[in-house]
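The values are calculated or read from the model by the stated rules, or taken from the named source; none is laboratory data. No experiment lies behind these values; they were computed from the predicted model shown. Ideal geometry is used to build each Cβ from the backbone, glycine not excepted, and the neighbour counts take in all protein chains shown.
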Amino acid sequence: MTIPNGVSLEARGLTRIYGRGSEEVRALDGVSLEIRKGEFVSFMGPSGSGKTTLVNLLGCLENPTSGDLHLAGRPIFGNGNVLGERDLTRIRREVFGYIFQNFYLIPTLTVRENVALPLAFYAKPGADMEVDRILERLGMKHRMDHLPGQISGGEMQRVAIARALVNRPEILLADEPTGNLDTKRTGEIGEILQDLNRSTGLTILMVTHNPELGRLGGRHIEMRDGQAYEL
Amino acid sequence: MISKFQIALKNLLRKKARTLLTLVGIILSSWVLVSLLGFNRGYEKALNRDIDNMGYQVMVMAKGCPYEAATMMLQGGAGLRYIEENVAKSIETMPEVDKVTPILMQAFFDPNKGDGGGIAGYFGVDLDTFPGMKPFLRFHKGGWFRNATADEAVMGYEAAELEQREVGDLILVPEKNVQLQVVGILQRTGTQDDGTIFVPLKTLQRISNLDKITTIGIKVKKDADMTRLENALYQLPDMQVVSFSQVKQTIMKLIATARVMVLSIAVIALLIAMVGVVNTVLMSVLERKHEIGILKTMGAMPGDIFRLVWTETLLLCACGGLAGIGLALVFARLSDLLVRRVLPYAPGGELVAIDFRLAFLTLLIIVAVGLLSGVYPAWKAGRVRPLDSIRGEG
């Protein structure tokens, strides 16, 4: 699925409620926003403000309780439509790449094998040619035969970014990508993401607590009590 | 690029000790299973061969316990009572009978045998009819007796080896102080004949001061009516008829009881191994829940994850099964010895017979049981939602 220029993601009244009855938690409360192709959006805010929940919904990782979501004009959620795991997986593998605070590299696979891992399940045409190119671009080619246990935290996150990019996603979701890294490595990862956004036009949605990292994005959204505020 | 198979293999290697312990369980189960299935076939085959090598299908002897008599005869022991020699002649006239051979079995106490002495068994056989009954007997050295009354003996291969005898040597019949010259040593047959000392019937009768026999071996004509023959033989006064097909059936029935018990143990071993596989794979799935979630964000479908976990189970079971079968083949002789120790009667030859077909069948059973064990962990892994991995980040 190729997303044309213009609005990539359009959310209207996205709401996500966890629990039931008196235990009900309204994690996201009627958020509406548009993400345009090529944007680098930072979602910031205190813990429990709903930023991760919003990015999870935008990234088709779960269904909203109510509200609509359109991907490149195509309705994904809405009108009570709940997608099953298979449908969500199909969308995710064609459109999104994900990186997380904990890198989740497979410890018994080498750096190169970890990057190539998604291709064992789904590969866009020519994606297998991307592995070495991405590793080179992220400065990890010299480490490609190392195991994750033999590289630093910053390098592990680079590998995780390479893994997220191997299938040429349209949108990269980064949830606290530097949460486990020191200041120097945080800066390096920030630069990589910014460079990817500028040079390839990759849309990036990044959740972070780190204000410096957040400032790298061209657009900043502050989350408070389940609602989104443009800064 | 990396395949699902490589991913599964590397996952198993992650916790080597746990994988190894599970493998040991599968190896032991498949070892026990293939050995038991091999015993199932081998024992019957060996018993059939022993009975075929008797050379006759029916034995007639004086009334007593026929199965005990038959077992004693198979083991080289003496019969229970004596019968007149002319009975053989009357049996020979029956239309179903091809050949008959009179046999006298005698046992003498030999004080020099073993630590506290032992029984030395002798088979008195008729030179005119016995060799014709067993044309498959081949001589390692020498040949049959020169005449029907000679003081000579033919020794089975193991009997000669045990007593360190060669052709030309003299052997002393204990209690009777009669010397017999060894004129022939048979080739190994894998049957009870290997441990037997054959003497001319007349000679053994003379030594024992008897003019009777203990047994008549009957070779039945091809396509003869066995039931009719048995009925005719039962008409003979005070005679007991032992058909080897009956003996075989009875022994197999006795063995079947033991077999059911041992097979039950094998099934329990298999179930334990199955639980081990479920435990190992399920633990591995739970430990890798986050990773599985991440695989799903990468585009792995529930079916992909199911197959990945199932491949791990398949690898475990196939490797364990192959190793177990390999060990069973290597230690088949040891299993054979153990089985012989516990069974009241074991025919000669290979008791635990494992061939390619049986090995393949066992491997199929192990893999099928393993795959069945893998269904639940694989199903559980397939249901992991990617969000679980993210929420689990803390």
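In region A:113-124, how many are in a loop (DSSP other than H, G, I, E, B) and either facing another protein chain (nearest Cβ under 7 Å) or more than 21 Å from A:LEU196 (Cα to Cα) (or both)? The total comes to 2. In region A:83-97, the count of residues that are touching a helix residue (DSSP H, G or I) at 6+ places or on another chain (Cβ under 9 Å), within 10 Å of chain B (Cβ to nearest Cβ), surrounded by fewer than 22 Cβ atoms within 10 Å (Cβ to Cβ) and of a type in the set (Asp, Glu) is one or more.
Per-residue answers, yes or no, for (1) surrounded by fewer than 24 Cβ atoms within 10 Å (Cβ to Cβ); (2) more than 8 Å from chain B (Cβ to nearest Cβ); (3) over 17 Å from B:SER3 (Cα atoms); (4) modelled with pLDDT of 90 or more:
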site: A:VAL111; (1), (2), (3), (4): no, yes, no, yes
site: A:LEU138; (1), (2), (3), (4): yes, yes, yes, no
site: A:MET156; (1), (2), (3), (4): yes, yes, yes, yes
site: A:ALA162; (1), (2), (3), (4): no, yes, yes, yes
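Residues of region A:43-56 that are more than 10 Å from every other protein chain (Cβ to nearest Cβ) and farther than 16 Å from A:GLY19 by Cβ: A:PHE43, A:MET44, A:GLY45, A:PRO46, A:SER47, A:SER49, A:LYS51, A:LEU54.
Yes/no matrix, rows are residues, columns are (1) within 13 Å of chain B (Cβ to nearest Cβ); (2) within 19 Å of the chain's Cα centre (by Cα):
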| position | (1), (2) |
| --- | --- |
| A:PHE40 | no, yes |
| A:PRO64 | yes, yes |
| A:ASP68 | no, no |
| A:THR108 | yes, no |
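Check whether at least one residue in region A:69-86 is of a type in the set (Gly, Ala, Ser), in a helix (DSSP H, G or I) and either on the phi > 0 side of the Ramachandran plot or in contact (Cβ under 8 Å) with a residue 24 or more places away in the chain (or both), and report yes or no.
No, because not a single residue in region A:69-86 is of a type in the set (Gly, Ala, Ser), in a helix (DSSP H, G or I) and either on the phi > 0 side of the Ramachandran plot or in contact (Cβ under 8 Å) with a residue 24 or more places away in the chain (or both).
Examine region A:141-151 for a residue that is within 12 Å of chain B (Cβ to nearest Cβ), over 27 Å from A:THR208 (Cα atoms) and touching a residue at least 24 places away in the same chain (Cβ under 8 Å), and state whether such a residue exists. Yes, there is a match, as at least one residue in region A:141-151 is within 12 Å of chain B (Cβ to nearest Cβ), over 27 Å from A:THR208 (Cα atoms) and touching a residue at least 24 places away in the same chain (Cβ under 8 Å).
Take the conditions buried (at least 19 other Cβ atoms within 10 Å of the Cβ), more than 30 Å from A:HIS146 (Cα to Cα) and in contact with a Ser or Thr (Cβ under 9 Å, 6 or more places away or on another chain) and apply them to A:GLY59. Does it pass?
The answer is yes for A:GLY59.
Reported count of residues in region A:87-123, each being out of contact with any Leu (no Cβ under 8 Å at 6 or more places or on another chain), hydroxyl-bearing (Ser, Thr, Tyr) and farther than 17 Å from A:ASP175 by Cα, is 2. Need a quick list: helices (runs of 4 or more DSSP H) entirely within region B:288-394 having at least 3 residues that are touching a helix residue (DSSP H, G or I) at 6+ places or on another chain (Cβ under 6 Å). Correct list: B:289-297, B:302-330, B:356-382, B:386-391. Output the residues belonging to region B:223-245 that are crowded, with 16+ Cβ neighbours inside 10 Å and at pLDDT below 80. Across region B:223-245, the qualifying residue is only B:PHE244.
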